[in-house]
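All of the numbers you see were taken from the coordinates with simple rules; none came from a lab. No experiment lies behind these values; they were computed from the predicted model shown. Cβ: placed from backbone, ideal geometry, glycine included. Neighbour counts: every protein chain shown.
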Amino acid sequence: MTTTDEPTTSPPEGATTEEVSKVGDRIFSGLSTGAGVLILVTLGAVAIFLLSEAWPALTQDTTGLSGGKTFPEYVAPYLFGTVWASIIALAFALPLAIGVALFVSHYAPRRVAQTLGYFIDLLAAIPSVVYGIWGIAVLAPILARSVFPWLEDNLGFLPFFEGPASTSGRTMFTVGIVLAVMILPIITAISREVFLQTPRLHEEASLALGATRWEMIRQAVIPYGRSGVISGAMLGLGRALGETMAVAIILSPSDVITFDVISNQNPNTIAANIALQFPEAFGLETNRLIATGLVLFALTFAVNFLARRIAAAGFSGAAG
């Protein structure tokens, strides 16, 4: 018979192990509940602040301010520009993100996949102002010199490229590419994790029936991860909706609503307009800018809420 000298932990005097465990559970439950309530309180406080500060602009006559427009007329071009820039960014980023995620998860060797994953995640750590400087100093001249003239000459019959082509490159097209690079890590990371969670038996069954690797991905991986990809795309869209500095640095804005993405006439975004106009605003003008922020808050909240719903529905369906 052997004995060990290892110390044993015992509950405090007068308390059983079960009672100590229950106390720990209550403490952890209280901390978790408090953290969740704190998030809701913070969100509610932001909403209340925006609504209270925006209320004068929503209820009073704003035609006497710069532009001489009512609030719906004032916010419409900025709301359109915000959504339009985000859609362009999503159109560029989503196919590339899916391709990179599939390469990392099912094609690349492990060492290459890990290295590429690190570089993709590193894109999310770059400040937006750096993206803006890169866009205006490097990307815009290249697009203005070679891409925009070609698009106008060959695809000018489409409303997106009717021109006249900008010579500075400070267009919605440039903004869309920069925003696409910025949201690429979000969509890629979520898609990669979802693709890696595809049941191995589903993949092996498809390969056993004679499918090639691409056919296996098309039959098993993509259908399984569809909801995750959609939710990742929606989260990336929410990120693009609220981007400020990169858009403010690159875009040459005008108070217009247009689908043309290569001309000098570009609708501005809500976030960029607030950043540019807020330092010089006062009185009711400040309330009007905050009101546009309330519109952006509601739009971003709706997009992220929809993304969560899609993700929850997809994961519950996969579990079932």
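Can you tell me the dipole magnitude for segment 60-319 around its Cα centre, using point charges on the Cβ only (Lys, Arg +1; Asp, Glu -1), in Debye to the nearest 20?
Value, rounded to 20: 860 debye.
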With equal scatterers on the alpha carbons only and no solvent term, can you work out the Debye log10 of I(q)/I(0) for the chain at 0.07, 0.08, 0.15 1/Å? -0.42, -0.53, -1.24
Using a Förster distance of 45 Å, the FRET efficiency for Glu204-Phe119 (Cβ separation, nearest 0.05): 0.90
Largest-first ellipsoid semi-axes for segment 147-254, taking √(5λ) over the Cα gyration tensor eigenvalues, angstrom: 39, 19, 9
What is the calculated FRET efficiency for Val138 to Thr167, with r their C-beta to C-beta distance and R₀ = 22 Å, to the nearest 0.05? 0.85
Chain lengthening between Ala302 and Leu158 when straightened (0.36 nm per residue, less Cα-Cα): 48.7 nm
Starting from the Cα-Cα distance between Leu43 and Arg111, subtract it from 0.36 nm times their residue separation and give me the gain in nm to one decimal. 20.3 nm
Taking H placed 1.01 Å from N in the peptide plane, check which residues at least 5 places from Asn266 or on another chain put their amide H under 5 Å from its amide H. Ser254
Yeah, segment 243-309 with a ≥ b ≥ c from its alpha-carbon gyration tensor (a/c under 1.5 is rounded, else prolate when a/b outruns b/c, oblate otherwise) is oblate
What is the Cα coordinate range of segment 70-142 on the first, second and third principal axes, sorted by size from largest, in whole angstrom? 58, 26, 23
Cα extents of segment 207-320 per principal axis, largest first, Å, are 68, 33, 21
Give me the one-decimal nm value for the distance between modelled label points at Ser254 and Ala35, 7 Å along each residue's Cα-to-Cβ direction. 5.0 nm
By average Cβ neighbour count within 10 Å, what is the ranking of 301-310, 25-34 from highest down? 301-310, 25-34
Options Ser206, Met245, Phe92, ranked by Cα towards positive dipole end of segment 60-319, top entry (Cβ charges): Ser206
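Seen from all sides and averaged, what is the projected area of the convex hull of the Cα atoms in segment 98-212, in nm²?
Numbers: hull surface 40.7 nm².
Projected area, direction-averaged: 10.2 nm².
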Among Phe161, Ser191, Ala291, flag the residue with its Cα farthest along the positive direction of the charge dipole of the chain, charges on Cβ as +1 for Lys/Arg and -1 for Asp/Glu. Phe161
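Using the Cβ atoms and a cut-off under 15 Å, what net charge is assigned to the surroundings of Gly64, where Lys and Arg are +1 and Asp and Glu are -1?
Combined, the nearby Lys, Arg, Asp and Glu give -1.
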Helix-only [θ] at 222 nm, the chain, -39500 (n - 2.57) per DSSP H run of 4+, per residue, nearest 500, equals -22500 deg cm²/dmol
